[in-house]
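A.B. asks: Structure in structure tokens, see below.
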Ligand code: B12
């Protein structure tokens, strides 16, 4: 989602992109730092336990750099070690949000000129999820990270349904309002319930025959664009998303959709 | 004749593979089906709603089986995903769909290997890919559904469905069997045997509204929903039959039941339109009837004793438990290693 040029072509000279591992202070040293707590008091046995765990995590020559007894039978550990593993960066294909970053004015102009009307957007935090801060950050007038939320854009008409909205209720609302885009937020999860809930939402939209009329977005700290696509959404937005990124995506995709 | 599924009927052209959950063994099932086609199906087609054939599960980070295709097979995927597999694929048709990984294409495998199936997200994409494969003379098509998504099982998309279930659904055999049973019950909603019900559904689909009739002899009326005054009047006066053209959730059946003075026969187009929790479906059925116009033809159940989450259940007792809930359906478990080598 970043707009920086971070393509592998810019990578460090002398690097083998087929076998990339962590960098400590020399290329290829594989040095990483891990930290964790153990439910045993600090001491020589706990230190050896921490080291052995690090070996099983794939680290060679693990060394304890910090240990602290946390009381109540717990201890805290920071270790350094050499990661045994590499990845072949050349074989990685990650779907990314591909729309151009536009300004507030450009987004409004694009929608109002090309679509000739405001886009109607319905947003909700669905299932049992009550974490509304994320979707509010994107939708509310005051916005997030120094950017206005979608409600502030003349190009968008926003209906924010709030928290714990069932997929069935969301679907009735979408039908009732004639929405153009639906923004679903999922923050909390247990046993991957956020994934089942999102999958059910897409199936419901398909079952109702509305899929081709709607842009479907989801977001939340556990969402990536790739997860969203696999679930059948048009886009997914993860942690740190700003409202303008979402607005720019909506404007450009809607204009494409009209064609 | 199919090597692994000798009971595979000859009249199913498009076969959907749906999972009771993510990681229930859909890809393993797909590979076994692809490998099992005999000389009569030298060039099967395969596509996936979602992503299939990636090296690792992007969520859990564990290795996944890859989708393996033979020479002559056909695949539908995004053009950019072709580079991620080891199979060589010659592009035959562009279906018109565009994805982040390039155009959706249908291609013929010219050298066997693995493929990444990606880019198909909606039923319309699936329909376009199937149509292209039909034009190319593909005799059998497998459609893999992502997660527990049911869209591929829609009888207007596929002719038959294979359900994949497995240890990922629970840590005990009983848990897995119960959740598989719930899923099967969801897919096996019986067909309405009343001849008039088809016409009622046609009316509902034509107007894209709820259509209903008072029983025994009322005329067809359409309404915005069960709380629409015309609907309230009919429901309040006795027995009725209601056809819903789209998705059916808990709140809709609850409303219908609350307003009804008699018994309701509620009609869905097919089981993929039903999104009822097992509790709500059971409560509704105590007094009323739930039917579909077009049932799903379930071809069989595949059972994966390995859970990606780290546990394994004993294969034979697990298969026996699934057989016990599968009510006569063929049940198989493919003997493959859980992780690719
Ligand atoms: C505030 C908070 C709460 C508040 C929520 C109040 C409210 N009205 O939202 C309260 C106290 C109610 C709460 C309750 C619970 N919480 Co809480 N909560 C948090 C906390 C501290 C902050 C979340 C937050 O607001 N982040 C800030 C926003 C701006 O970030 P964001 O959500 O990621 O959203 C951004 C992006 O993800 C994206 N985005 C998000 N949604 C969408 C949607 C679309 C369409 C788009 C485009 C983008 C987008 O854009 C946003 C802006 O960048 C987090 C911990 C943390 N620091 O993250 C825990 C956390 C999320 N909570 C957690 C838990 C466990 C719970 C409870 C279950 C606790 C309990 N045992 O009762 C309950 C669950 C309640 C429920 N039914 O959902 C866990 C979740 C762990 C997990 N496994 O998923 C966390 C991570 C804490 C932890 N480390 O354990 N919580």
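The values are calculated or read from the model by the stated rules, or taken from the named source; none is laboratory data. Small disclaimer: the values here were computed from a predicted structure and weren't measured. Heads up, the Cβs are rebuilt from the backbone with ideal geometry, glycines too, and the neighbour counts pull from every protein chain shown.
A.B. asks: Can you name the number of the only condition in (1) assigned by TED's automatic domain parsing to the domain that holds residue A:218; (2) touching a residue at least 12 places away in the same chain (Cβ under 8 Å); (3) away from the ligand (no atom under 16 Å from the Cβ) that residue A:116 fails?
C.D. replies: Just one mismatch for residue A:116, condition (2).
A.B. asks: Only one residue in B:126, B:143, B:106 is at pLDDT 90 or above and within 12 Å of chain A (Cβ to nearest Cβ). Which one?
C.D. replies: Selected residue: B:126, the only one of B:126, B:143, B:106 that is at pLDDT 90 or above and within 12 Å of chain A (Cβ to nearest Cβ).
A.B. asks: Right, another one. So how many residues does the range A:128-145 have that are more than 6 Å from the ligand (Cβ to nearest atom), modelled with pLDDT under 95 and crowded, with 19+ Cβ neighbours inside 10 Å?
C.D. replies: 1
A.B. asks: Still on this structure, please answer the following. What's the total number of residues in the range B:200-227 that are within 17 Å of residue B:292 (Cα to Cα), in contact with a helix residue (DSSP H, G or I) (Cβ under 9 Å, 6 or more places away or on another chain) and more than 14 Å from every other protein chain (Cβ to nearest Cβ)?
C.D. replies: Summing the residues that are within 17 Å of residue B:292 (Cα to Cα), in contact with a helix residue (DSSP H, G or I) (Cβ under 9 Å, 6 or more places away or on another chain) and more than 14 Å from every other protein chain (Cβ to nearest Cβ) in the range B:200-227 gives 3.
A.B. asks: If you don't mind, there's one more thing I want to ask. If you scan the range B:234-244, which residues turn out to be buried (at least 24 other Cβ atoms within 10 Å of the Cβ) and in contact with a helix residue (DSSP H, G or I) (Cβ under 7 Å, 6 or more places away or on another chain)?
C.D. replies: B:235, B:240, B:241, B:242, B:243, B:244 - these are the residues of the range B:234-244 that are buried (at least 24 other Cβ atoms within 10 Å of the Cβ) and in contact with a helix residue (DSSP H, G or I) (Cβ under 7 Å, 6 or more places away or on another chain).
A.B. asks: I'm trying to understand the selection: among the residues of the range A:223-251, which are within 9 Å of chain B (Cβ to nearest Cβ) and either under 9 Å from the mean Cα position of the chain (by Cα) or in contact (Cβ under 8 Å) with a residue 24 or more places away in the chain (or both)?
C.D. replies: Correct list: A:224, A:225, A:226, A:227, A:229, A:231, A:232, A:233.
A.B. asks: A further question follows. Condition (residue is within 13 Å of the ligand (Cβ to nearest atom) and either within 19 Å of the chain's Cα centre (by Cα) or touching a residue at least 60 places away in the same chain (Cβ under 8 Å) (or both)) applied to the range A:202-211: is it met by at least one residue?
C.D. replies: Checked the range A:202-211: no residue is within 13 Å of the ligand (Cβ to nearest atom) and either within 19 Å of the chain's Cα centre (by Cα) or touching a residue at least 60 places away in the same chain (Cβ under 8 Å) (or both).
A.B. asks: Could you pull out the residue among A:59, A:110, A:53 that is surrounded by 15 or more Cβ atoms within 10 Å (Cβ to Cβ), over 30 Å from residue A:241 (Cβ atoms), away from the ligand (no atom under 16 Å from the Cβ) and under 29 Å from the mean Cα position of the chain (by Cα)?
C.D. replies: Result of the check over A:59, A:110, A:53: A:59.
Quick grid of which residues meet (1) under 30 Å from residue B:241 (Cβ atoms); (2) in contact with a helix residue (DSSP H, G or I) (Cβ under 7 Å, 6 or more places away or on another chain):
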| position | (1), (2) |
| --- | --- |
| B:262 | yes, no |
| B:270 | yes, no |
| B:308 | no, yes |
| B:320 | no, no |
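A.B. asks: Pick from A:183, A:215, A:171: which is in contact with a helix residue (DSSP H, G or I) (Cβ under 7 Å, 6 or more places away or on another chain) and facing chain B (nearest Cβ under 9 Å)?
C.D. replies: The match here is A:171.
A.B. asks: Could you tell me whether the range B:160-168 includes any residue that is away from every other protein chain (no Cβ under 14 Å), within 30 Å of residue B:317 (Cβ to Cβ) and part of a helix (DSSP H, G or I)?
C.D. replies: The answer is yes; a qualifying residue exists.
A.B. asks: What number of residues within the range A:212-254 are near the ligand (Cβ under 7 Å from one of its atoms) and within 20 Å of residue A:180 (Cα to Cα)?
C.D. replies: So the answer is 5.
A.B. asks: Shifting gears a bit: Taking the range A:186-201 only, how many residues are in contact (Cβ under 8 Å) with a residue 12 or more places away in the chain and at the interface with chain B (Cβ under 7 Å from one of its Cβ atoms)?
C.D. replies: Looking only at that region, the number is 3.
A.B. asks: Sticking with this one: Among the residues of the range B:82-95, are any more than 13 Å from residue B:114 (Cα to Cα), in the same structural domain as residue B:111 (by TED's automatic domain parsing), in contact with a helix residue (DSSP H, G or I) (Cβ under 6 Å, 6 or more places away or on another chain) and modelled with pLDDT of 85 or more?
C.D. replies: Yes.
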